Amino acid sequence: MNDPHRELVEKGYDRVAKQYLATKDPQDPLALSALEEMARDLPPGAAVLDLGCGAGVPATRWLAARGFTVTGVDFSERQLGLARKLVPDATFVKADMTALEFEPGTFGAVVAFHSIIHVPREEHLALLEKIHRWLGPGGLFLATLTLTGFEGEDYDWEGWGAPMRWSHYDAETNVTMLRRSGFDILHAEPRTGDDEETWLWTLARKDLPR
Ligand SMILES: C[S@@+](CC[C@H](N)C(=O)[O-])C[C@H]1O[C@@H](n2cnc3c(N)ncnc32)[C@H](O)[C@@H]1O
């Protein structure tokens, strides 16, 4: 890889994978209730893609335990190493999510928790269009998107000894891009977790053919 943005994020997560995992609550009520809401509308065993799955906690593990056929994608080898141990029932792929290719209609749902924020934002629309294509009719997209725009990096994220980079848009732009990608938005609203972080929790659907 010779893209400095991606390289910084990938190597950054390689270095902070354990510290980041230590911040995660496997029973995070906000995440689990959003997953449960999505799961209620999926057939048993549906194929679910987790983009930027990290160490797999809480989302990938919850989805696998619920009986879905889960594929986790991340480009950090260290994150994937943790995920393979913590979620032995899922399939993991090391890849840049923007470079993935799947047949149209491969998945019943796609989730992306706290991960699209690291993709260069001029690529977000193309990524959302791909996600829409990968979903079958009625397929669901569950994501934590952002309320404010930001483009920049921290040379020592959380004092963990690694730089990190973020690139994202405000809520209105995120919602506009989802609609332009063809999604029907079921909700896109600010929700604050026990960690006091507020994200634009978004559940969107690919319409059934009329
Ligand atoms: C903040 S962590 C979130 C991990 C997990 N989804 C969670 O909620 O705990 C972001 C993850 O996205 C991954 N990531 C960022 N950009 C990516 C890209 N372009 N392709 C694949 N993975 C990426 C990082 O390596 C990292 O593991």
Q: Provide the percentage of antiparallel DSSP beta bridges, counting only those with both residues in the range 4-206; round to the nearest 5.
A: 55 percent
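How high is the FRET efficiency between residue 77 and residue 36 when r is their beta carbon distance and R₀ equals 35 Å, given to the nearest 0.05? If you can, show how the numbers build up before the last one.
Numbers: r = 31 Å, r/R0 = 0.88.
After rounding, the FRET efficiency stands at 0.70.
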(Q) For residue 95, what residues show an amide H to amide H distance below 5 Å, using hydrogens built from the backbone and excluding near sequence neighbours? (A) 74, 75
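For the chain, what is the charge dipole size about the Cα centre, in debye to the nearest 20, if Lys and Arg each add +1 at the Cβ and Asp and Glu each add -1 at the Cβ? Write down the numbers at each step before the final one.
Values: 22 positive and 33 negative charges, 147 e Å.
Taking the Cα centre of the chain as origin, the dipole is about 700 debye.
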**Q.** Cross-link partners of residue 11 among lysines (Cα-Cα below 17 Å; sequence separation of 8 or more within a chain)
**A.** 94
Q) With a 10 Å Cβ neighbour count serving as the proxy for reagent exposure, in which order, fewest first, do 131, 117, 185 appear? A) 185, 117, 131
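Sort largest first and round to whole Å: the equivalent ellipsoid semi-axes of the range 31-133, each the square root of five times a Cα gyration tensor eigenvalue.
Numbers: eigenvalues 77, 58, 31 Å².
Whole-Å semi-axes of the equivalent ellipsoid: 20, 17, 12.
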Q: Provide 194, 170 in ascending order of the number of other Cβ atoms located within 10 Å of each residue's Cβ, fewest first.
A: 194, 170
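May I ask you to compute the full-extension gain from residue 129 to residue 189, defined as 0.36 nm times their residue separation minus their alpha-carbon distance, rounded to one decimal in nm?
Values: separation 60, 0.36 × 60 = 21.60 nm, distance 2.09 nm.
19.5 nm is the gain from fully extending residue 129 to residue 189.
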Q: Search the structure for amide H atoms under 5 Å from the amide H of residue 70, placed 1.01 Å from N in the peptide plane, and list their residues when 5 or more places away or on another chain.
A: 48, 91
Q. How about residue 206: which lysines have a C-alpha closer than 24 Å to its C-alpha, ignoring those fewer than 8 places off in the same chain?
A. 130
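Once you have the Cα-Cα distance between residue 207 and residue 153, take 0.36 nm times their residue separation minus that, and quote the gain in nm to one decimal. Write down the numbers at each step before the final one.
Numbers: separation 54, 0.36 × 54 = 19.44 nm, distance 3.66 nm.
Length gained between residue 207 and residue 153: 15.8 nm.
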Q) residue 27 to residue 198: extension gain in nm, 0.36 nm per residue of separation minus the Cα-Cα distance? A) 59.8 nm
Q | Debye-sum result for the range 86-210 in log10 I(q)/I(0), which assumes one identical scatterer on each alpha carbon, at q = 0.12, 0.17, 0.22 Å⁻¹ | A | -0.49, -0.96, -1.39
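Provide the packing ranking of 78-90, 14-26, i.e. peptides ordered by the mean count of other C-beta atoms within 10 Å per residue, highest first.
On the way: 78-90: 18.3, 14-26: 15.9.
Highest-to-lowest ranking by the protection proxy: 78-90, 14-26.
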(Q) In whole Hz and in residue order, list the ³J(HN,Hα) couplings for the range 107-118 that follow from phi through the Karplus curve 6.51 cos²θ - 1.76 cosθ + 1.60, θ = phi - 60°; x for Gly and Pro. (A) 10, x, 7, 10, 10, 8, 9, 6, 10, 5, 4, 9
Q | For 150, 75, 141, 92, order by how many other beta-carbon atoms lie within 10 Å, fewest first | A | 150, 92, 75, 141
Q: For the range 11-89 and the range 172-210, write down the distance between their C-alpha centroids in whole Å.
A: 19 Å
Q: Take the alpha carbon atoms of the chain, find their radius of gyration, then divide it by 2.2 N^0.38 Å using N residues; give the quotient.
A: 0.95
Q: Can you pull the one-decimal nm distance between simple spin-label points at residue 85 and residue 106, each 7 Å off the Cα toward Cβ?
A: 2.8 nm
Q. What is the calculated FRET efficiency for residue 176 to residue 95, with r their C-beta to C-beta distance and R₀ = 30 Å, to the nearest 0.05?
A. 0.65
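Each value in this text was obtained by applying a stated rule to the coordinates, not by laboratory testing. These figures come from a predicted structure and were not determined experimentally. Glycine also receives a Cβ, built like all others from the backbone with ideal geometry; neighbour counts cover every protein chain displayed.
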